[in-house]
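The values are calculated or read from the model by the stated rules, or taken from the named source; none is laboratory data. All figures in this text were calculated on a predicted structure; none of them were measured in a lab. Every residue, glycine among them, receives a Cβ derived from its backbone with ideal geometry; neighbour counts consider all protein chains shown. In case anyone asks, the SASA skips ligands and DNA or RNA and just uses the protein heavy atoms, side chains included. Shrake-Rupley method; radii C 1.70, N 1.55, O 1.52, S 1.80 Å.
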There are 2 protein chains.
Amino acid sequence: MLPPLAHRTSQVRGSAIRDLLTLTARDDVISLAGGLPAPELMPHRRIRDAASRAFDAAGVLQYSETSGVRRLRAVIAERETRRTGSPVDVASVVVTHGSQQALSLLGTVLIDPGDVVIVDAPAYTGALQVFAAAGAEIRAVPVDANGTDIDALEALLGTGVRPRIVHTVSNFHNPRGVTLSAGRRQGLADLADRYGFWMIEDDPYGEIWFDAPPPEPIHSDRVVRLGSASKILAPTLRVGWMTAPYPVAAAVELFKQGADLCGSSLTQTVAADLLDDTEWLDEHLGGLRRAYRSRCRALTGALTSAFGSSVEFDDPTGGMFVWAAFTDGTDTSAMLSTATDHGVAYVPGAAFGSEPAFGHAARLCFATVDESVAVEAVDRLYRAHQADVSASR
Amino acid sequence: MLPPLAHRTSQVRGSAIRDLLTLTARDDVISLAGGLPAPELMPHRRIRDAASRAFDAAGVLQYSETSGVRRLRAVIAERETRRTGSPVDVASVVVTHGSQQALSLLGTVLIDPGDVVIVDAPAYTGALQVFAAAGAEIRAVPVDANGTDIDALEALLGTGVRPRIVHTVSNFHNPRGVTLSAGRRQGLADLADRYGFWMIEDDPYGEIWFDAPPPEPIHSDRVVRLGSASKILAPTLRVGWMTAPYPVAAAVELFKQGADLCGSSLTQTVAADLLDDTEWLDEHLGGLRRAYRSRCRALTGALTSAFGSSVEFDDPTGGMFVWAAFTDGTDTSAMLSTATDHGVAYVPGAAFGSEPAFGHAARLCFATVDESVAVEAVDRLYRAHQADVSASR
């Protein structure tokens, strides 16, 4: 008999989405289920050229500093300074192995077992996994068309709940597709001051806006902002970052030493090269925004044409996701196998939280389907839904 | 006032070695303090070429599987099968972000707070950091010329101590420079059977043998073996791996999802390419072994010439480190500033554990100093020691 594992291994579930992706990864299935950026829109040649140049840099093969390659941290500090409108010091920047590692390390340095963490309903599943692994008591507040419902949060705080952290995806929410309004950002910062909690503004999608940039980031000295190169450049770089008040950044660096010593000099040098080339980056992002907007509109247009009022959604203004809610009682978990039989896959809303209404919703990712495929996907979804309705009569 | 951090942030110290490296990173100081492989011996052109080819592979820019790129896992399984002499299944291989991440994830999935973990004295500091962060009660057993003292371990177990894990660097120990004998490997496996603990065989240096390979890995179904591409190829790949009994591998994969989703397809594809090219790799390793052996002998020869019987060490038969113990009462922590004033740096033994004898020892890394520099380094160390002795009279 083998020795036992730690108790927490029996308390944490794997990502239902990852399991689902395995089931739906069939060539004849159009997947709206993944949360993957479009590979054909990634700057393949530019990354290859930058990698080739990176090999000329001294130290590119060696271990690097735990908090990240210096030039990349400087580029991120500059970008965040422009983005937030106030000076961001390099010392507050930590480069992480994707922004998921930033979340995970924040789970370690901010949460004691039993602490309350407030997430969105529906929530980013990677955040749920981290907070559960950290032993947090997880509470949720609803998200509507304007992002996290701050009145609901205030009401929850009014009942005596005292969170250590409030986590939200502020821009083009995963999975909800919406953006936190400017007024609510201020409201959230005010509540953080009043009740003394940390905010994690998780922002991997903020630069993928369609017609206009989202509101300014949350202004507060209690906010930790997370960003990522995965959605705008390529996931293979494994470059994410956090900007955080100095004590948090220092603690994260300390625990990153034990977690993995440091990131890759090679991929961090490539990321610095691309993020620092603002002229090229603006053009690249312009192309990405146009492509995702067009794919999104193809998908939402087809949804409206096919389903009319039996599916509701808030029109995304950026990002990668549509949150489609069936108004006719459709159980999206139950319908999934019919859908894959009809050649289309999505993530059932139940994967993102336990709210009963989520059982009628589906997260649809438009990033990887071009316009004609989006239309075909909705057509298959419509036929699956028809079959599902017939079967349940 | 900012909200608080988690309690554990006040319990874990940073790596004293990392802090030291910052202090000693002066151009006029020869550093024997780092644990870094020699950059000029890394296969720069071969890695660059492999990276260039990797960009032709489908999916190289995208997210990859959490447990690692399939081809790399297969290559590692083949290599471990050859190395251990018994079949290693791909399902038991998890690729990690350097072997430090493997250790960190094992801390998460194997240790409940308060569990006993037994380490070597002296110990690898990165392991101490992980086990402290996991809330383990850390005990230590001495290492002598034949590795971990299994009689001492048995005696400790005999007092009723029941560890969850026994961790050792089996080959060319960091910092002790010695190798666990074949008999002791068997003895350790027998104790694991009798007392029901996991063994972590941490083996980043095993392929850097000078004249003959080390004994076969520990044979047991309770052993988790860790390996790394950092010392034989390049740290920038951030490729380490573990082979583990299936329940451990599965739990590690689960928690790696939350830790960072996945590794880099690009650097994992490069690692697979190089590790799979056995003809090239054998030649590359042959060159690395000859170079490190020659550097090691230059250093140990100079130590003997300069210090005679006032410094003792076990001649390394591989790896990167000499553990030099002063027999004249020298306090290596106290002498360090004199040493850097004389233009040489090392890691004081006290960084590796609290045993009083370690206060007279120093870890000397010969990997990054060629023969003439090794001789010069020892000359500087000798003069620093003379100055230290004079000052303390």
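In table form, for the structure just shown:
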{"quantity": "Members of region B:331-343 found to be open to solvent by less than 10 Å² (accessible area, probe 1.4 Å) and not in a helix (DSSP H, G or I), listed by number", "calculated": "B:343"}
{"quantity": "Residue pairs meeting the criteria (Cβ under 9 Å; at least 6 apart or on separate chains; first at the interface with chain A (Cβ under 9 Å from one of its Cβ atoms), in region B:43-69; second open to solvent by 50 Å² or more (accessible area, probe 1.4 Å) and assigned to a loop (DSSP other than H, G, I, E, B))", "calculated": "B:62/A:36; B:63/A:36"}
{"quantity": "Unique residue being more than 8 Å from chain A (Cβ to nearest Cβ) and more than 22 Å from the chain's Cα centre (by Cα) when the list is B:73, B:83, B:79, B:26", "calculated": "B:26"}
{"quantity": "Region A:84-105, residues that are among the polar types (S, T, N, Q), crowded, with 24+ Cβ neighbours inside 10 Å and outside any helix (DSSP H, G or I)", "calculated": "A:96"}
{"quantity": "Which numbered condition residue B:275 misses (of (1) open to solvent by 30 Å² or more (accessible area, probe 1.4 Å); (2) part of a helix (DSSP H, G or I); (3) not small (Gly, Ala, Ser))", "calculated": "(1)"}
{"quantity": "Residue in region A:144-155 that is open to solvent by 10 Å² or more (accessible area, probe 1.4 Å), under 19 Å from the mean Cα position of the chain (by Cα) and within 14 Å of chain B (Cβ to nearest Cβ) present", "calculated": "no"}
{"quantity": "Residue satisfying all of: in region B:245-261; hydrophobic (A, V, I, L, M, F, W, C) and more than 8 Å from chain A (Cβ to nearest Cβ); surrounded by the most Cβ atoms within 10 Å (Cβ to Cβ) among these", "calculated": "B:252"}
{"quantity": "Single match in B:218, B:232, B:208 (criterion: within 14 Å of another protein chain (Cβ to nearest Cβ), touching a helix residue (DSSP H, G or I) at 6+ places or on another chain (Cβ under 8 Å) and among the hydrophobic types (A, V, I, L, M, F, W, C))", "calculated": "B:232"}
{"quantity": "Among (1) out of contact with any Leu (no Cβ under 8 Å at 6 or more places or on another chain); (2) in a helix (DSSP H, G or I) - the single one residue A:281 does not satisfy", "calculated": "(1)"}
{"quantity": "Residue check, residue A:81 open to solvent by 20 Å² or more (accessible area, probe 1.4 Å), over 30 Å from residue A:162 (Cα atoms), of a type in the set (Val, Ile, Thr) and at pLDDT below 90", "calculated": "no"}
{"quantity": "Extreme residue, most open to solvent (accessible area, probe 1.4 Å), among residues of region A:297-330 that are within 17 Å of residue A:212 (Cα to Cα) and touching a Ser or Thr at 6+ places or on another chain (Cβ under 8 Å)", "calculated": "A:315"}
{"quantity": "Positions within region A:171-196 being closer than 20 Å to residue A:243 by Cβ and free of Cβ contacts under 8 Å to residues at least 60 places away in the same chain, in sequence order", "calculated": "A:180, A:182, A:185, A:186, A:188, A:189, A:192, A:193"}
{"quantity": "Residue within region B:289-296 that is within 14 Å of another protein chain (Cβ to nearest Cβ), touching a strand residue (DSSP E or B) at 6+ places or on another chain (Cβ under 7 Å) and open to solvent by 10 Å² or more (accessible area, probe 1.4 Å) present", "calculated": "no"}
{"quantity": "Single match in B:128, B:110 (criterion: under 21 Å from residue A:105 (Cβ atoms), open to solvent by 30 Å² or more (accessible area, probe 1.4 Å) and not charged (D, E, K, R))", "calculated": "B:128"}
{"quantity": "Residues of region B:186-224 that turn out to be surrounded by 15 or more Cβ atoms within 10 Å (Cβ to Cβ), of a type outside the set (Phe, Trp, Tyr) and within 18 Å of residue B:163 (Cβ to Cβ), as a count", "calculated": "15"}
{"quantity": "Matching entry among A:58, A:74, A:50, A:6 (being open to solvent by 40 Å² or more (accessible area, probe 1.4 Å) and over 22 Å from residue A:169 (Cα atoms))", "calculated": "A:58"}
{"quantity": "Odd one out for residue A:236 among (1) surrounded by 24 or more Cβ atoms within 10 Å (Cβ to Cβ); (2) part of a helix (DSSP H, G or I); (3) in contact with a Gly (Cβ under 8 Å, 6 or more places away or on another chain)", "calculated": "(3)"}
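Residue by residue, here is whether (1) without any contact (Cβ under 8 Å) to a residue 40 or more places away in the chain; (2) open to solvent by 10 Å² or more (accessible area, probe 1.4 Å); (3) small (Gly, Ala, Ser); (4) touching an Asp or Glu at 6+ places or on another chain (Cβ under 7 Å) holds:
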site	(1), (2), (3), (4)
A:345	no, no, yes, no
A:349	no, no, yes, no
A:353	no, yes, yes, no
A:375	no, yes, no, no
A:383	no, yes, no, no
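Per-residue answers, yes or no, for (1) more than 8 Å from chain A (Cβ to nearest Cβ); (2) of a type in the set (S, T, N, Q); (3) touching a helix residue (DSSP H, G or I) at 6+ places or on another chain (Cβ under 8 Å):
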{"position": "B:236", "(1), (2), (3)": "no, yes, yes"}
{"position": "B:243", "(1), (2), (3)": "yes, yes, yes"}
{"position": "B:265", "(1), (2), (3)": "no, yes, yes"}
{"position": "B:268", "(1), (2), (3)": "yes, yes, yes"}
{"position": "B:280", "(1), (2), (3)": "yes, no, yes"}
